[in-house]
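Below is one structure, written out as structure tokens, with a few remarks after it.
Please treat every number below as a calculation from the coordinates, not as lab data. All values derive from a computational prediction rather than experimental measurement. Here the Cβ positions follow ideal geometry from the backbone for every residue, glycine too, while neighbour counts run over all protein chains shown.
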Amino acid sequence: MKCSVVCLVFISILFTINPTECEDTKGQPFPDMNVLPFPEMSELPFPEIEEQNMTAKKGQFILAKKKSQAFLARRAQAFLTRKGHLLLNTTGLPVPLPSEATTGAPNVETTITGPIVSERLKALTEVLNYDVSKLDVKNETQVQPFYDRYQKSFNKEYANEKEREERLDLFKKSIEKIQEHNNNTMATYQKGINELSDLTWAEVVKYKLGLLRDGGGDPNCLPPHVDRILKGISSTLLFIQGFMIITSICITLSTAAAPGSSNIPDEWDWRKYGMVTPPRNQGKCGSCWSFAAACVLESHNMKRLIAEGKFDPKSQPKITVSEQNMIDCSGDYGTLACEGGMPQQAFKYVYENKGINGVDVYPYTGKKDKCGYNAANRVDVDVREGQRLESGKDNDLAAAIYNYGPVAIAVHTTDDMLAFKKGIFNDPKCNPNDVNHAVVAIGYHKDYFIIKNSWGPEWGEGGFIRISRSKVNNCGVSEQGYYPIVPNAVQTRAMIDKLKVV
């Protein structure tokens with residue numbers, strides 16, 4: 001019996017994974033299956049099937065059931081990316097995360113949940129504006145009081161004194177790196193302390209990123225190496241039960257014509273026209289994808305309403321779209337809540353759900369909960385399709401920003417980007433093939449793109465960063481760009497007379 005099961009497992013994997021396809025178009029190696037823990041059957045339950053369409057193909061039964069495919073693929077991916085504190089990086093190899101019992105991730109406040117009280121704002125401003133070049137990290141009488149103010153300003157709470165000492169050590173190392181960088185007269189930007197200054201890199205990956213890569217050439221799929229793993233596991237599991245299923249977590253979004261990159265202004269910034277909501281903070285949740293999706297849906301629909309004469313950004317409050325609504329309710333479209341997702345998956349959810357709530361109705365909590373969408377209180381937001389821009393074309397990105405509105409993009413977040421304070425960011429370590437964070441391009445200049453982040457207004461230039469255009473696709477800005485196709489939307493040049501500087 002054991003031999004039969006082993007043989008079935010081996011044969012099903014051979015049928016599912018073509019050895020000639022073990023390297024994708026970007027040369028990513030297919031990960032060694034031996035380093036990935038194989039799930040127990042109880043951890044990937046087979047979904048109930050309402051209808052079946054069984055066909056014979058190469059001696060195997062292929063069960064074509066869209067809903068069950070999405071369900072199983074989602075569970076398999078969740079297992080692969082988190083089981084045993086494992087992450088899949090862009091090469092598909094597992095990256096261990098430190099135990100939370102030893103790292104003690106701090107309790108980070110999210111600014112979206114309410115206004116910052118004036119007393120804390122004053123203390124926070126003092127800390128953020130403090131010239132750390134004057135700070136001697138080896139002098140405890142200097143660094144200890146300053147770290148106390150830093151800890152209180154960001155409402156950080158630690159489990160015990162041991163953890164506080166570990167955080168302080170990380171904080172000192174961050175300051176030393178800031179001082180070294182800012183002393184470089186050739187640097188195009190300045191670094192500073194912020195909420196991330198006492199976090200480990202593993203915590204940043206877990207709490208402050210959250211982008212799932214798309215399929216490159218196919219805008220609706222995950223990277224080929226991940227998709228092949230899912231197919232192999234699901235096929236093996238279900239072959240044992242007597243039939244085969246071919247899974248894919250691809251979603252289908254229609255595409256529109258790519259924008260023309262000629263005849264656009266030399267620079268553009270949608271903030272000047274009141275079309276960008278203030279930066280919010282994703283807190284301790286890998287939900288950057290939902291913040292990027294919310295931002296572009298907000299901006300594109302405000303633009304639509306301005307064209308229709310129904311919205312005045314000078315006198316009316318801005319539209320807000322609930323990230324929490326997406327986190328809780330879009331799982332059927334491939335998102336993994338605080339474990340990651342893609343903006344285009346959120347577009348698909350809003351489209352098929354026929355609406356979404358605003359932040360006031362569905363506030364952010366930074367953790368997955370039961371879906372609480374309220375159709376009666378949906379916000380005036382519409383979307384039909386998603387357009388993916390061709391990778392590596394900065395001019396197309398700029399044209400899309402001007403013609404249509406802000407674009408949800410992906411960037412490669414490096415350790416240097418974490419401490420960005422002001423200037424034009426340019427990091428030679430940035431790799432466009434390693435994008436790991438969803439953000440929004442809300443403007444451009446001949447020298448840089450203007451990016452809205454989801455780490456709160458205390459980070460960077462009020463929550464924004466300018467990324468240099470000194471080279472094409474710098475930090476991956478034009479690697480994975482999407483914008484929503486909104487019904488009745490008008491291109492900017494056709495409504496330029498209705499746009500007013502606020």
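Tell me, what is the percent relative contact order of the range 268-498, built from C-alpha pairs under 8 Å that lie six or more residues apart?
Values: 525 pairs, mean separation 61.2, N = 231.
Normalised by residue count, the contact order of the range 268-498 is 26 percent.
Return the subset of Lys208/Lys422; Lys284/Lys421; Lys370/Lys452 for which the Cα-Cα distance in this structure is over 24 Å, preserving the input order. Don't skip to the end; give the middle numbers.
Details: Lys208/Lys422 20 Å; Lys284/Lys421 21 Å; Lys370/Lys452 29 Å.
Going by Cα-Cα distance, Lys370/Lys452 fall outside the 24 Å limit.
Glu163 to Lys429: extension gain in nm, 0.36 nm per residue of separation minus the Cα-Cα distance?
Numbers: separation 266, 0.36 × 266 = 95.76 nm, distance 3.04 nm.
Answer, rounded to one decimal: 92.7 nm.
Provide the per-residue ³J(HN,Hα) series for the range 148-156, in order, calculated from phi with Karplus coefficients 6.51, -1.76, 1.60 and θ = phi - 60°, each as a whole number of Hz, with x at glycine and proline positions.
With the stated coefficients, the range 148-156 comes to 4, 5, 4, 4, 5, 4, 9, 6, 8 Hz.
By how many nm would the segment from Lys177 to Gln316 lengthen if fully extended, with 0.36 nm per residue of separation less the alpha-carbon distance?
Details: separation 139, 0.36 × 139 = 50.04 nm, distance 4.35 nm.
Full extension from Lys177 to Gln316 adds 45.7 nm.
Report the label-to-label distance for Lys152 and Gln190 in nanometres (one decimal), using points 7 Å from each Cα along the Cα→Cβ vector.
Between Lys152 and Gln190, the simple spin-label model gives 2.5 nm.
At 0.36 nm per residue, minus the direct Cα-Cα distance, what do Asn129 and Val472 gain on full extension? Give it in nm, one decimal, please.
Working: separation 343, 0.36 × 343 = 123.48 nm, distance 3.28 nm.
Answer, rounded to one decimal: 120.2 nm.
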